[in-house]
Amino acid sequence: MNIKAIVLDLDRTLLKSDKTISVFTLSVLERCHEQGIKILIASARPIRAIWEYDKLLNPDAIIWHNGAAVYIEGVNKYKERISIDDTKNILSDIAKIYPEATLSVEIDDVLYANFDVSVHWENSSAKQTDFTDLPDVPSYKIIVGVSSMEQIERIAYILPDEVYIEMSDKKLGLMMHKNATKLKGIKTALDYYSIELSDTVSFGDDYGDIDMLRACGIGVAVENALPIVKEAADYITETNDDDGVAKWINVHVLANIR
């Protein structure tokens, strides 16, 4: 097993439920760096919600907004956004179908929303809006509160061809440009470092992680992952609260290095 890069989802995968990272996990990832293994973060989070972990993990690349943007060694190397017109039309069309829908949109590094976003993201804030005053700038991501896959499918039906939607955390629908995926972002970072997908291991728990788990040389799901994510993985490790990611790396990657 010649692992040259490790791809880490954050929430419910690397991070414990209280959003911390254990000393053990940090020490394992530091040993990976010492062995020349690249560390990539691949998260649905906006970049402003990743910086605190950037300082702890010192990753070689950050794939954020599910792949809508990629930082490599501190430089933005890739971005793919939803056009201004599509953003406005999507928000309007969803509001017509679901008048009570909780909606938010990421533009640049600002979240605009028609509800109190702390119900979904503790300690987060947003600019309250009815979306008539959005800046004329493409959006990275549109988010809608959902309660079922049926709602996801109904919204998907009215989206333009350039935009897709996927379920996240069993309560949110994330809409992004079709070229904004974690796998696309991972390939961008790996190409920069001349690393093959086959020499990469990825860790995840949610729908947005399935493609990368299948495409990387090894895909590992944490025990608390969705059943469909476990089915896509090559291995299942312990839960995020039990340092499952670090334990797997320690046994299957670092123990094989002489």
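Of these, Ala189, Ala180, Ala246, which one is touching a residue at least 60 places away in the same chain (Cβ under 8 Å), assigned to a loop (DSSP other than H, G, I, E, B), open to solvent by less than 20 Å² (accessible area, probe 1.4 Å) and of a type outside the set (S, T, N, Q)? Matching residue, one of Ala189, Ala180, Ala246: Ala180. If we scan the range 246-254, do we find a residue that is more than 24 Å from Asp169 (Cα to Cα) and touching a Lys or Arg at 6+ places or on another chain (Cβ under 8 Å)? Yes.
Scanning the range 68-125 for residues that are surrounded by fewer than 21 Cβ atoms within 10 Å (Cβ to Cβ), within 18 Å of the chain's Cα centre (by Cα) and hydroxyl-bearing (Ser, Thr, Tyr), we see that the one that is modelled with the lowest pLDDT is Ser124. The requirement of being without any contact (Cβ under 8 Å) to a residue 60 or more places away in the chain, assigned to a helix (DSSP H, G or I) and either β-branched (Val, Ile, Thr) or closer than 30 Å to Asn89 by Cα (or both) is satisfied by Val251. Scanning the range 26-49 for residues that are at pLDDT below 95, surrounded by 15 or more Cβ atoms within 10 Å (Cβ to Cβ) and either touching a helix residue (DSSP H, G or I) at 6+ places or on another chain (Cβ under 7 Å) or charged (D, E, K, R) (or both) yields Ala44, Arg45, Pro46.
So is Pro59 under 27 Å from Ile152 (Cα atoms) and open to solvent by 10 Å² or more (accessible area, probe 1.4 Å) or not? Spell out how you get there, then give the answer.
Numbers: under 27 Å from Ile152 (Cα atoms): no; open to solvent by 10 Å² or more (accessible area, probe 1.4 Å): yes.
Here the answer is no, as Pro59 does not meet what is asked.
Exactly one residue among Asn224, Asn256 is surrounded by fewer than 22 Cβ atoms within 10 Å (Cβ to Cβ) and out of contact with any Ser or Thr (no Cβ under 6 Å at 6 or more places or on another chain), and that residue is Asn256.
Tell me which residues, restricted to the range 1-20, are of a type in the set (A, V, I, L, M) and surrounded by 15 or more Cβ atoms within 10 Å (Cβ to Cβ). Residues satisfying the conditions are Ile3, Ala5, Ile6, Val7, Leu8, Leu10, Leu14, Leu15. Please verify whether Glu231 is out of contact with any helix residue (DSSP H, G or I) (no Cβ under 6 Å at 6 or more places or on another chain), at pLDDT below 95, of a type outside the set (Lys, Arg) and not in a strand (DSSP E or B), treating the condition exactly as stated. Criteria not met by Glu231. Against the conditions (1) among the β-branched types (Val, Ile, Thr); (2) in contact with a strand residue (DSSP E or B) (Cβ under 8 Å, 6 or more places away or on another chain); (3) closer than 25 Å to Lys19 by Cα; (4) free of Cβ contacts under 8 Å to residues at least 40 places away in the same chain, Ile152 satisfies every one except (3). Against the conditions (1) under 17 Å from Trp248 (Cα atoms); (2) within 16 Å of the chain's Cα centre (by Cα); (3) open to solvent by 20 Å² or more (accessible area, probe 1.4 Å); (4) among the hydrophobic types (A, V, I, L, M, F, W, C), Val23 satisfies every one except (2). Applying the set (1) free of Cβ contacts under 8 Å to residues at least 24 places away in the same chain; (2) assigned to a loop (DSSP other than H, G, I, E, B) to Asp54 leaves exactly one unmet item: (2). Of all the residues in the range 161-174, those that are at pLDDT 95 or above and either under 22 Å from Tyr71 (Cβ atoms) or open to solvent by 40 Å² or more (accessible area, probe 1.4 Å) (or both) number 4. The numbered conditions (1) at pLDDT 95 or above; (2) more than 30 Å from Glu34 (Cβ to Cβ) are all true for Pro59 except (2).
The values are calculated or read from the model by the stated rules, or taken from the named source; none is laboratory data. Every value quoted in this text rests on a predicted model; they were computed, and no experiment measured them. Methodologically, a virtual Cβ is constructed for each residue, glycine included, from the backbone with ideal geometry; neighbour enumeration extends over all protein chains shown. Note: areas computed on protein heavy atoms with side chains; ligands, DNA, RNA excluded. Shrake-Rupley method; radii C 1.70, N 1.55, O 1.52, S 1.80 Å.
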